[in-house]
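Report on the structure given below.
What follows is calculated from the coordinates using simple rules that are stated; it is not laboratory data. Keep in mind it's a predicted model, so treat the numbers as computed, not measured. Using ideal geometry, Cβ is built from the backbone for each residue, glycine included, and neighbour counts are taken over all protein chains shown.
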């Protein structure tokens with residue numbers, strides 16, 4: 001499978017509360033072929049309290065402008081933007097809270113389109129891939145997981161709000177494809193309960209982690225099953241977060257695990273492209289040598 005864009009997400013010191021590393025520094029750290037990064041926007045007071053018509057605060061606006069400045073002329077950069085329901089709202093209340101703030105979603109979309117227009121004036125491109133309520137299927141990772149009917153309803157509302165501003169903003173259906181955390185059963189008929197409709201998804205995505213040695217090969221099998229299950233949609237794929245290690249607590253052999261997962265993506269038999277894959281390099285998944293990850297390897301079972 002062809003991977004169109006390699007992204008990286010990191011923060012200073014690899015800790016969740018650090019400043020996010022922007023494109024120029026990501027390329028300095030991990031190589032010139034990094035073409036984008038992730039961002040996270042929550043349905044929480046700092047965003048919801050912004051003035052009417054404003055969806056991004058000054059810090060996020062400047063981050064994206066600096067990201068654009070790091071692009072070469074004629075280059076298109078990708079930002080995988082995760083819209084996260086409020087973590088303090090439990091169960092279906094998370095989605096009711098989203099539905100009550102669709103005006104702010106439209107404000108956010110308008111800001112993104114404005115930034116795309118700014119980039120175009122510099123002969124550069126910004127590609128925003130928006131994943132709403134990612135990892136909505138596993139528990140206990142997210143307060144909003146395990147409520148497919150509520151997820152579908154809110155997805156349609158968010159889709160309409162975003163596409164009402166611009167069809168150039170892409171929507172990414174992104175469950176968690178982990179082995180250790182799921183409540184919806186072992187097959188993908190359960191994940192399909194969350195599918196909002198063939199005309200309401202632009203990209204079939206996921207987050208993909210393996211946190212222990214015994215999970216690496218089953219994780220690969222599970223990803224294959226997931227992509228194959230949705231292959232009839234004819235949509236591009238993506239992996240919005242990718243991380244792995246032989247031992248999560250010790251961060252043992254993380255580079256080799258991610259390398260084997262990355263090669264597995266490249267070897268996946270599909271005519272459908274992987275629009276992007278993001279190497280997640282924070283905390284439990286830190287310390288990965290991205291240059292080694294991109295090299296050929298025959299060690300597809302790196303934990304022994």
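So how much slack lies between residue 29 and residue 189, counting 0.36 nm per residue of separation and subtracting their Cα-Cα distance, in nm?
Result for the pair: 53.6 nm of gain on full extension.
Which length gain, in nm to one decimal place, applies between residue 166 and residue 123 when the Cα-Cα distance is subtracted from 0.36 nm times their residue separation?
13.5 nm
Using the C-alpha atoms of the chain, what convex hull volume per residue, in cubic angstrom, is computed?
Here the figure is 123 Å³ per residue.
How many angstrom lie between the Cα centre of segment 143-177 and the Cα centre of segment 1-34?
That distance is 25 Å.
For a label point 7 angstrom out from the Cα of residue 266 toward its Cβ, which stretches of segment 279-304 have the backbone nitrogen within less than 18 Å?
Output list for this probe position: 279-280, 288-302.
Between residue 229 and residue 301, what FRET efficiency follows from the Cβ-Cβ distance if R0 is 22 Å, with the result rounded to 0.05?
0.35
Calculate I(q)/I(0) for segment 246-304 by the Debye formula, one identical point scatterer on each C-alpha and no solvent, and give its log10 at q = 0.20, 0.23 Å⁻¹ to two decimals.
Once normalised to I(0) and log-transformed, intensities are -0.77, -0.97.
How much mean residue ellipticity at 222 nm does the chain get from its helices, if each DSSP H run of length 4 or more adds -39500 (n - 2.57) and you divide by all residues, to the nearest 500 deg cm²/dmol?
-10000 deg cm²/dmol
May I ask you to compute the full-extension gain from residue 251 to residue 69, defined as 0.36 nm times their residue separation minus their alpha-carbon distance, rounded to one decimal in nm?
Extending this stretch completely gives an extra 62.1 nm.
At R0 = 25 Å, how high is the FRET efficiency between residue 91 and residue 45 if r is their beta carbon distance? Nearest 0.05 is fine.
0.75
Can you give the Kirkwood hydrodynamic radius of segment 147-304 from its Cα pairs, in Å with one decimal?
After inverting the mean inverse Cα-Cα distance, the result is 16.5 Å.
Please report the projected area of segment 57-96's Cα convex hull averaged over all directions, in nm².
4.1 nm²
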